[in-house]
1. Quote the Stokes-Einstein diffusion coefficient, in whole µm² s⁻¹, for the stretch 26-65, based on the Kirkwood radius over alpha carbon pairs, a temperature of 20 °C and a viscosity of 1.002 mPa s.
2. With every protein chain left in place and a probe of 1.4 Å, what is the accessible surface of Met50, to the nearest 10 Å²?
3. Could you rank the peptides 30-37, 77-84 by their average count of other C-beta atoms within 10 Å per residue, with the highest value first?
4. Keeping every protein chain present and rolling a 1.4 Å probe, give me the accessible area per residue for the stretch 47-97 in Å².
5. For Lys25, give me every one of the lysines with a C-alpha distance below 16 angstrom, ignoring sequence neighbours fewer than eight places off in its own chain.
Amino acid sequence: MAGGGLVIGISLPGCAGSDKPGGDKPFAPNAFLQITPENKIAFYCPREEMGQGVDTGLATVIAEELDVAPQKLDVRRVGADKAYVNPEMGIQGTGGS
């Protein structure tokens, strides 16, 4: 049996230079997540809690992907910002159920 492979190198924004984990600056791969050098995790939630469970639901999904307990996340509210606009709707909003 023989196998082959192809390796392609690409540069990803936020993954080069001083943004790498282990530096003296927090690692922030996007507007929603920040991990400090002390391993404190902040999740910036762009939705308001109006009974849909976004505090628990979104934080649980993020924690699961990072393989940490949801209680380890510091969930922070964010104001209106174009970084949090839903591309399908063209606005930042809370709605639905």
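The values are calculated or read from the model by the stated rules, or taken from the named source; none is laboratory data. Here the structure is a predicted model, which is why all the values come from computation and not from measurement. Every residue, glycine as well, gets a Cβ built from its backbone with ideal geometry; the counts of neighbours run over all protein chains shown. When the accessible area is computed, the model is the full protein with side chains, heavy atoms only, and any ligands, DNA or RNA have been set aside. Shrake-Rupley method; radii C 1.70, N 1.55, O 1.52, S 1.80 Å.
1. Values: Rh = 10.9 Å.
The estimated diffusion coefficient comes to 196 µm²/s.
2. 130
3. Values: 30-37: 14.4, 77-84: 11.2.
Top of the packing list down: 30-37, 77-84.
4. Values: 3840 Å² over 51 residues.
Spelled out: the 1.4 Å probe surface of the stretch 47-97, per residue, equals 75 Å².
5. Lys40
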